[in-house]
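Scroll down for the structure; my scribbles are underneath it.
The values are calculated or read from the model by the stated rules, or taken from the named source; none is laboratory data. Fair warning: this is a prediction, and the values are worked out from it, not measured in the lab. Here Cβ is always computed from backbone atoms with ideal geometry, including for glycine, and neighbour counts include all displayed protein chains. When the accessible area is computed, the model is the full protein with side chains, heavy atoms only, and any ligands, DNA or RNA have been set aside. Shrake-Rupley method; radii C 1.70, N 1.55, O 1.52, S 1.80 Å.
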Amino acid sequence: METRAIPGFIGYIATSEGTIIGKKGLPLPGWLDPDRGYLVLRVTLDGGTKKPMRIHALVALAFHGTRPDG
């Protein structure tokens with residue numbers, strides 16, 4: 001299993017298996033967004049604001065970088 005830091009989300013790590021590790025070093029539980037069907041979790045930004053993010057988007061950001069425009 002490979003792990004990588006998630007750019008822009010200090011203290012969060014994504015694994016190649018699709019798990020997000022939080023700032024305390026523990027896997028974060030997600031939930032299913034019933035409207036869209038994606039797994040979501042809430043991350044805390046640097047300013048303390050909590051933001052829901054799709055887990056697959058965080059993993060892609062860690063392993064592939066930012067999404068290109070378009």
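Mind checking which aspartates and glutamates have their C-alpha under 16 Å from K23, skipping anything on the same chain fewer than 8 residues away? Qualifying aspartates and glutamates at Cα under 16 Å: D46. Electrostatic bookkeeping for V59 treats Lys and Arg as +1 and Asp and Glu as -1; over the other residues with beta carbon under 15 Å from its beta carbon, the sum is +1. In a DSSP loop and with at most 14 other Cβ atoms within 10 Å, the trypsin sites (Lys or Arg not before Pro) in segment 1-37 are K23, K24, R36. Remark: the chain carries 73 Å² of accessible area per residue (probe radius 1.4 Å; ligands, DNA and RNA excluded).
Each of L45 and L28 was given a label point 7 Å from its Cα along the Cα-to-Cβ line. The distance between the two points is 1.3 nm. Carbon-plus-sulfur accessible fraction, the chain (probe radius 1.4 Å, protein heavy atoms only): 54%. Coupling constants for segment 39-44 follow from the phi torsions by the Karplus curve (6.51 cos²θ - 1.76 cosθ + 1.60, θ = phi - 60°), and in residue order they are 6, 10, 9, 9, 10, 9 Hz; glycine and proline get x. Here the Karplus relation 6.51 cos²θ - 1.76 cosθ + 1.60, evaluated at θ = phi - 60°, turns the backbone of segment 30-37 into coupling constants of x, 9, 8, 6, x, 7, 10, x Hz, with x for every Gly and Pro. In this entry, the chain is assigned a mean projected area of 5.3 nm², taken as a quarter of its C-alpha convex hull surface.
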